[in-house]
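Student: Got a structure for you, questions after.
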Amino acid sequence: MKNIIKKTFLLGVIVAPTAVLSAPLNDFTFKNPSFNGTGFSSHILTIENQESTRRKAIADKVQAELDKIKAEEKNTNLNKFLNNLESRIYAQISQNLATAMFADGGTDSGSFTFDKATNTTISWVKDPLAGTIKLTVNGPGVNSEIILPLGQFQF
């Protein structure tokens, strides 16, 4: 009888662990969509959105820095001086043109090339009989003609 108990005990020791080790893990699933496939497309879209947002933020930061440098270059004393000088020269040219157009006893026509690079010309013709001055501006994309009455501008 002792022999049977020993055999039964020995058989139980061998079989019992096998049954326990072969039980499946019921609650195990992969949580990452890259492994289980559930919600994979939205997972990839989220990653892509984060990456593109980072790239855009970096590009915006670089562009802001470039704009800041460009603004600082335009704000130097030399550039302020040159802009002011250019404005005064253009004002003087326009004053001389107006004086030549409306002067008594002066020429009845005139023209000058305003910008040689774009071949922009400004010309004028005085018609004393009609009492008008025809001012014409020709250039790329600009073809304007202005009729000015003489009687209202002469003093």
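Readers should treat all values here as calculations from the given coordinates under stated rules, not as data from a laboratory. Everything quoted here is computed from the prediction, not taken from an experiment. FYI the Cβ positions are ideal-geometry reconstructions off the backbone, even for glycines, and counts take in every protein chain you see.
Student: At a Cα cut-off below 12 Å, give the aspartates and glutamates reachable from LYS134, other chains included and same-chain residues fewer than 8 away excluded.
Tutor: Excluding near neighbours in sequence, the set is ASP108, GLU145.
Student: Next question. When DSSP beta bridges are limited to those with both residues in the range 77-149, what percentage is antiparallel, rounded to the nearest 5?
Tutor: Counting DSSP beta bridges with both partners in the range 77-149, the antiparallel share is about 100 percent.
Student: LYS70: which lysines have alpha carbons under 24 Å from its alpha carbon, excluding same-chain residues fewer than 8 sequence positions away?
Tutor: LYS56, LYS61, LYS80
Student: If r is the Cβ-Cβ distance from ASN138 to ILE89 and R0 is 22 Å, what FRET efficiency results, to the nearest 0.05?
Tutor: That pair, ASN138 with ILE89, gives E of 0.55.
Student: Quick check on packing: order 111-117, 95-101 by the mean number of other C-beta atoms within 10 Å, highest mean leading.
Tutor: 95-101, 111-117
Student: Sequence neighbours fewer than 8 away in the same chain don't count; with that in mind, list the aspartates and glutamates whose C-alpha is under 17 Å from LYS74.
Tutor: GLU65, GLU86
Student: Given points 7 Å out from each Cα along the Cα-Cβ axis, report the ALA71 to ILE58 separation in nanometres with one decimal.
Tutor: 2.5 nm
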